[in-house]
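K.L.:
Structure in structure tokens, see below.
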Amino acid sequence: MSERVKVTIDGISIEVDAGTTILNAARLIGGDIVPPAMCYYSKLEGSGGKCRTCLVKVSKGSDKDPRPMPKLIASCRTGVMDGMEVQNITSPEVMEARKGIVEMLLINHPLDCPICDQAGECKLQDLSYEHGSEATRYEFERRTFDKIDIGDKIQLHMTRCILCYRCVYVADQLTDQREHGILGRGDAAEISTYIEKAIDNDFSGNVIDVCPVGALTDKTFRFKNRVWFTKPVDAHCDCDKCSGKVTLWYKGEEVLRVTARKDVNGEVESFICNTCRFERKNTSEWTIEGPRKISHHSVISSNHYELLDPPAVIRKNPALKEANIEEFERVTRHY
Amino acid sequence: MGRKLLLENINVPGINTFEVYRKHGGYRAVEKALKTMSTEDVVEEVKKSGLRGRGGAGFPTGMKWSFLAKPEGKPRYLVCNADESEPGTFKDRYLITHIPHLLIEGMIVASYALGAKTSYIYVRGEMMPQIRILERAIAEAKAEGFLGKNILGTGYDLELYVQPGGGAYICGEETALIESLEGKRGNPRIKPPFPAISGLYNCPTVVNNVESIAAVVPIINDGADEYAKLGIGRSTGTKLISASGNIKNPGVYEIELGVPVEEFIYSDEYCGGMANGKRLKAVVAGGSSVPILPANLILKLTTGENRLMSYESLAEGAFASGTMLGSGGFVVFDEDQCIVRNTWNFARFYHHESCGQCSPCREGTGWMEKVLHRLEYGHGKLSDLDLLVDVAKKIEGNTICPLGDAAAWPVASAIRHFRDEFEWHVSHAEEAMGRNYGLAHYADPLPKAETVAAN
Amino acid sequence: MLKISETDEIIFTPELLVKFNEILLRYPEDRQKSALLPILHLVQAEYGWVSSPLMDKVADFLQLKPIEVYEVATFYSMFFLKPPGKYMLEVCRTGPCCLIGAETIMKHIEERLNVKEGEVTADGLFSWRGVECLAACGMGPVLQIAPEYTFYENLTAASVDELIDRLRLTTAEKAQIII
């Protein structure tokens, strides 16, 4: 059994395994005290530390060495110590710094949410609602890039990128041949393939799911619909490449897109293969589990899709009803 | 004449060769350390000397060495940081060019002390001639039995290699340097872990500046006590100062720490005074990253005492009225220089050199450059000054590595001390394009201590 | 200086490969990626710049993914990603050099060569650019010329003119010998 240590975040104490990061300890507590994270991804080794949105103040280092840390630190990459006391939303200094970081992330962002497929499920959008200012102080031309296709299914719109590096870690850790990476330096750095090469790999589509903004989008879903008009339904299939556990996004009876399922922290539960993501867009290829739970904070939950359980497509199609009979009976029992 | 420890023999003809260097007492420190001292003795001696890192941070070198983890079965590395890129600093280039064996001698002693069997000197790529000089000197030392297997019959083995950089200021940051040495982009690592635990190839690693390594040689030769006798207070020993800008005699000077700034600028032993009979307007005392000070604040403390060339005295007054010794890049500005233009120039430098990994530095450095450019070219607004101060504040302390601070300090300090010159650039935009603001009141005697605003 | 077109098959000369292999000996086993920067410098010295086929070839030699080489080559400012002139004059443009006339020198070079920063003269001989601090502030203004990185200090308009003339002459003399 590993050693347990006590950490207090914004006055709330919790015992966690030694070696847990402050951010993950905060996630175990949950609620408003969880620092936002734009680059950290628990399932990607080496991620985090870059965006600086999760900065917190360590007001007491540990029981052994109670000195506070001299600077704000990235909670995603700092391990807790026994007796550590952390301030997140209770520290004006942290809130001020976070406001500054959000402003920095936005000065070169196009703010083209009205035409961005990511709108409605964009982490940067959420972040700027919570911490941003109404007006920008930046009066210069914003950085722009041409859109490029990475293969025929994924589009890279670098103009929106916040350089979180998540997609690079995905390509490095999930696929056997990384084709894209970070080119250039400083604010001229970009995600690119240098010479246009198709990313041809079974798991490359996951870069779309890990992208916190609309920089990497699914071309098969592009401009098809706003996410809040679509209805997410959990489904699975027998896949020989991945877990086959996905979320199907319906508009009427049509599956507009397939994504991996995301947990409360917005992270993918298990990565899915490109066949599931791009090729299986017929309901008949899936076993429907039921509506995807979406936080009531999300704009996606605003159309009360959960009342449409099971989806109309199953009610109306006898073959589908038969295939999903167990599920159908369970959820319709109370009707 | 102040005592010289590193540059004593710099003018001896042929001192760049092994033969002449050896004849003038070279490699005595290697003999003494390897034959008569334990590794702990060497570390203890360096600790006792009070030597502080000469690359800029000023962290005690011996202390850094004693933090090095020594796990079983893992190699340890010493890497010399010769990625000299801090604007205003050119001492390492000078030392390597003229007396390369001093660095190699220091590397052997330090590697021995740390238990490193392979050590690297990471030289910035632009210094190709210096790389060739070092490689030749290493070959000489190896041929004489001071490198390689069983050095001087003591059983100690050491291989020493030179690694070129590729043109990136950020690689002067120790973890970026390690990344670069591993053949990657020079993105600083997120700490912890610190290099002393997990550095090069995930092994315990010490990274030291060229001058710090070279200083180990006189410390071992003469003893820590002799070394610590030089200097003042916690600023022991000598320091190489790179003097540039509008002075009569630019160049590298070895000073005993504690020389008054005024003497350093005006004495013929050092800078020889201002060039062309101009008056002193400002000084950047420790490389472009440290706060710029106007003439009156660099020469005197707010108490009226002389400011000295030491870690403590230069920092006296903190950010309100002080600066830092940094890497010893001493840049002197005369009355004809425009502080706004120079601040823009420095901001452009940091914008160009930001690695782009973390958002405040990547975005903030470019933002500051653009605002300063607008000010310099007559399109600025008065509100730009507060904007710059605020952006600088939002970068400072919030980044992965110190480049964020280094980018923020020159801007914040220039506005702090030269605010009226910036304001003049806004209020007299057209005039400012044609002439400089001049000396104004920047060399006026300081008011009494209590009236100095702490802004 | 060789020009590489995208279709040329690149074969590193045996002499170059000997140097590559010597460099590899400096690092522990499986750490051959450390050789990337030194090898890119050698490649640039040989070919004048680093084209993407050259980078692919380097990746192949070091058993890296091509993207790993692109990532590195585009990060460091010394690597030319498009062909410069035979002589690329790199002038320090940072603060201390500007206090003593670097901006005048750059303007002079621009007028003298009659090309903008980053462009190549019609004869392919010269290009120039401002670079950040070269750590020679006390000897400024300074410039360097790849691939030897020969250093020219305390520049004046006259010394720059003399340098350009000399480089032109050297090239012409060499050309004559070949004929």
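K.L.:
From the list C:Cys92, C:Cys98, exactly one residue is in contact with a Lys or Arg (Cβ under 9 Å, 6 or more places away or on another chain), assigned by TED's automatic domain parsing to the domain that holds C:Glu148 and either buried (at least 20 other Cβ atoms within 10 Å of the Cβ) or modelled with pLDDT under 95 (or both). Which is it? I'd like the intermediate steps shown before the answer.
P.N.:
Working: C:Cys92 fails: in contact with a Lys or Arg (Cβ under 9 Å, 6 or more places away or on another chain).
Exactly one of C:Cys92, C:Cys98 is in contact with a Lys or Arg (Cβ under 9 Å, 6 or more places away or on another chain), assigned by TED's automatic domain parsing to the domain that holds C:Glu148 and either buried (at least 20 other Cβ atoms within 10 Å of the Cβ) or modelled with pLDDT under 95 (or both), namely C:Cys98.
K.L.:
Of all residues being away from chain C (no Cβ under 14 Å) and of a type in the set (Gly, Ala, Ser) in the range B:143-166, which is surrounded by the most Cβ atoms within 10 Å (Cβ to Cβ)? Just the residue, please.
P.N.:
Residues of the range B:143-166 away from chain C (no Cβ under 14 Å): B:143-146, B:149-157.
Keeping just the survivors that are of a type in the set (Gly, Ala, Ser) gives B:143, B:145, B:153, B:155.
Numbers: B:Ala143: 11, B:Gly145: 13, B:Gly153: 9, B:Gly155: 9.
The residue in question is B:Gly145.
K.L.:
Considering the range B:138-176 alone, what residues qualify as being free of Cβ contacts under 8 Å to residues at least 12 places away in the same chain, in a helix (DSSP H, G or I) and at positive phi?
P.N.:
Correct list: B:Gly153 only.
K.L.:
Somewhere in the range B:89-103, is a residue more than 11 Å from chain C (Cβ to nearest Cβ), within 21 Å of B:Pro164 (Cβ to Cβ) and part of a loop (DSSP other than H, G, I, E, B)? Before the answer, list the steps.
P.N.:
So in the range B:89-103, the residues more than 11 Å from chain C (Cβ to nearest Cβ) come out as B:95, B:98-103.
Of the ones still in play, those that are also within 21 Å of B:Pro164 (Cβ to Cβ) are B:95, B:98-103.
Narrowing the set further to residues that are part of a loop (DSSP other than H, G, I, E, B) leaves B:99.
Within the range B:89-103, one or more residues are more than 11 Å from chain C (Cβ to nearest Cβ), within 21 Å of B:Pro164 (Cβ to Cβ) and part of a loop (DSSP other than H, G, I, E, B).
K.L.:
Now for a different question. Just one of (1) under 30 Å from C:Ala157 (Cβ atoms); (2) buried (at least 21 other Cβ atoms within 10 Å of the Cβ); (3) within 12 Å of chain B (Cβ to nearest Cβ) trips up C:Leu37, so point out which.
P.N.:
With (1) under 30 Å from C:Ala157 (Cβ atoms); (2) buried (at least 21 other Cβ atoms within 10 Å of the Cβ); (3) within 12 Å of chain B (Cβ to nearest Cβ) applied to C:Leu37, the lone miss is (1).
K.L.:
Answer yes or no as to whether B:Met107 is surrounded by fewer than 24 Cβ atoms within 10 Å (Cβ to Cβ) and either of a type outside the set (Gly, Ala, Ser) or under 19 Å from the mean Cα position of the chain (by Cα) (or both).
P.N.:
no
Here is a yes/no grid of residues against (1) at positive phi; (2) outside any loop (DSSP other than H, G, I, E, B); (3) surrounded by 13 or more Cβ atoms within 10 Å (Cβ to Cβ):
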residue: C:Lys107; (1), (2), (3): no, yes, no
residue: C:Glu110; (1), (2), (3): no, yes, yes
residue: C:Val115; (1), (2), (3): no, no, yes
residue: C:Gly118; (1), (2), (3): yes, no, no
residue: C:Phe151; (1), (2), (3): no, yes, yes
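K.L.:
Any idea which residue in the range B:123-154 is farthest from B:Ile15 (Cα to Cα), counting only those that are β-branched (Val, Ile, Thr) and touching a strand residue (DSSP E or B) at 6+ places or on another chain (Cβ under 7 Å)?
P.N.:
Looking at the filtered set, the residue picked out is B:Ile151.
K.L.:
Restricting to the range B:115-131, what's the tally of residues that are surrounded by fewer than 24 Cβ atoms within 10 Å (Cβ to Cβ) and in a helix (DSSP H, G or I)?
P.N.:
3
K.L.:
I would also like to ask the following. Test of understanding: among A:Val233, A:Val258, which residue is crowded, with 18+ Cβ neighbours inside 10 Å and either touching a residue at least 24 places away in the same chain (Cβ under 8 Å) or out of contact with any Lys or Arg (no Cβ under 8 Å at 6 or more places or on another chain) (or both)?
P.N.:
A:Val233
K.L.:
Let me ask another. Is it the case that A:Val210 is hydrophobic (A, V, I, L, M, F, W, C), under 16 Å from the mean Cα position of the chain (by Cα), in the same structural domain as A:Trp286 (by TED's automatic domain parsing) and at pLDDT 95 or above?
P.N.:
Judged against the criteria, A:Val210 is not a match.
K.L.:
Separate question: Scan the range A:220-245 residue by residue and report those that are closer than 21 Å to A:Asn317 by Cα and β-branched (Val, Ile, Thr).
P.N.:
Correct list: A:Thr230, A:Val233.
K.L.:
Could you tell me whether C:Cys137 is free of Cβ contacts under 8 Å to residues at least 60 places away in the same chain, at the interface with chain B (Cβ under 9 Å from one of its Cβ atoms) and in contact with a strand residue (DSSP E or B) (Cβ under 6 Å, 6 or more places away or on another chain)?
P.N.:
yes
K.L.:
On to the next question. Could you grab me the full set of residues in the range A:131-167 that are in a helix (DSSP H, G or I) and either surrounded by fewer than 22 Cβ atoms within 10 Å (Cβ to Cβ) or out of contact with any strand residue (DSSP E or B) (no Cβ under 8 Å at 6 or more places or on another chain) (or both)?
P.N.:
First, pick out the residues of the range A:131-167 that are in a helix (DSSP H, G or I): A:131, A:158-160, A:166-167.
Listed by number, the residues that qualify are A:His131, A:Met158, A:Thr159, A:Arg160, A:Arg166.
K.L.:
Right, here's the next one. I'd like the residue in the range B:167-207 that is among the acidic types (Asp, Glu) and crowded, with 19+ Cβ neighbours inside 10 Å and, out of all such residues, is nearest to the other protein chains (Cβ to nearest Cβ).
P.N.:
Among those residues, the one meeting the criterion is B:Glu179.
K.L.:
Follow-up. Scan the range B:177-189 residue by residue and report those that are outside any helix (DSSP H, G or I) and among the hydroxyl-bearing types (Ser, Thr, Tyr).
P.N.:
Of everything in the range B:177-189, nothing turns out to be outside any helix (DSSP H, G or I) and among the hydroxyl-bearing types (Ser, Thr, Tyr).
K.L.:
Mind checking whether some residue in the range C:102-121 is touching a residue at least 60 places away in the same chain (Cβ under 8 Å) and not charged (D, E, K, R)?
P.N.:
No, the conditions are met nowhere in the range C:102-121.
K.L.:
Moving on to the next point. Considering the range B:334-381 alone, what residues qualify as being more than 7 Å from every other protein chain (Cβ to nearest Cβ), aromatic (Phe, Trp, Tyr), under 24 Å from the mean Cα position of the chain (by Cα) and closer than 30 Å to B:Asn276 by Cα?
P.N.:
Selection gives B:Trp344 alone.
K.L.:
Does A:Thr220 meet the test of being in a strand (DSSP E or B) and either of a type in the set (Ser, Thr, Tyr) or surrounded by fewer than 20 Cβ atoms within 10 Å (Cβ to Cβ) (or both)?
P.N.:
no
K.L.:
Next up: For the list (1) free of Cβ contacts under 8 Å to residues at least 60 places away in the same chain; (2) in a helix (DSSP H, G or I), I need the number of the one condition that A:Phe278 fails.
P.N.:
Of the numbered conditions (1) free of Cβ contacts under 8 Å to residues at least 60 places away in the same chain; (2) in a helix (DSSP H, G or I), the odd one out for A:Phe278 is (1).
K.L.:
Still on this model: Tell me which residues, restricted to the range C:79-120, are of a type in the set (Lys, Arg) and away from chain B (no Cβ under 13 Å).
P.N.:
Of everything in the range C:79-120, those that are of a type in the set (Lys, Arg) and away from chain B (no Cβ under 13 Å) turn out to be C:Lys82, C:Lys86, C:Lys107, C:Arg112, C:Lys116.
K.L.:
Ok, one more. Out of the range B:336-358, which residues are out of contact with any Leu (no Cβ under 8 Å at 6 or more places or on another chain) and of a type in the set (S, T, N, Q)?
P.N.:
B:Asn345
K.L.:
Sticking with this one: Answer yes or no as to whether B:Trp424 is more than 23 Å from B:Phe319 (Cβ to Cβ), of a type in the set (A, V, I, L, M, F, W, C) and more than 14 Å from chain A (Cβ to nearest Cβ). Can you show your working first?
P.N.:
Details: more than 23 Å from B:Phe319 (Cβ to Cβ): yes; of a type in the set (A, V, I, L, M, F, W, C): yes; more than 14 Å from chain A (Cβ to nearest Cβ): yes.
Yes, satisfied.
K.L.:
Moving on to the next point. Specify the residue that is surrounded by the most Cβ atoms within 10 Å (Cβ to Cβ); the eligible residues are those in the range B:389-421 that are facing chain A (nearest Cβ under 9 Å) and among the β-branched types (Val, Ile, Thr).
P.N.:
This residue is B:Ile395.
K.L.:
Does at least one position in the range A:176-184 carry a residue that is away from chain C (no Cβ under 14 Å), at negative phi, buried (at least 19 other Cβ atoms within 10 Å of the Cβ) and touching a Phe, Trp or Tyr at 6+ places or on another chain (Cβ under 9 Å)? Show your work before the answer.
P.N.:
The initial filter retains those residues of the range A:176-184 that are away from chain C (no Cβ under 14 Å), namely none.
No, there is no match, as no residue in the range A:176-184 is away from chain C (no Cβ under 14 Å), at negative phi, buried (at least 19 other Cβ atoms within 10 Å of the Cβ) and touching a Phe, Trp or Tyr at 6+ places or on another chain (Cβ under 9 Å).
K.L.:
Counting only residues that are in a loop (DSSP other than H, G, I, E, B) and more than 14 Å from chain B (Cβ to nearest Cβ), how many does the range A:26-43 have?
P.N.:
Selection size over the range A:26-43: 5.
K.L.:
Also: Please specify each residue of the range B:223-257 satisfying the condition of being away from chain C (no Cβ under 12 Å) and aromatic (Phe, Trp, Tyr).
P.N.:
B:Tyr227
K.L.:
Let me ask another. Those residues that are of a type in the set (Val, Ile, Thr), assigned to a helix (DSSP H, G or I) and more than 8 Å from chain A (Cβ to nearest Cβ), I need them from the range C:46-72; list them, please.
P.N.:
C:Val58, C:Val69, C:Val72, listed by residue number.
The values are calculated or read from the model by the stated rules, or taken from the named source; none is laboratory data. Since we're looking at a predicted model, the values are computed, not measured. Note: ideal-geometry Cβ built from the backbone for every residue, glycine included; neighbour counts use all protein chains shown.
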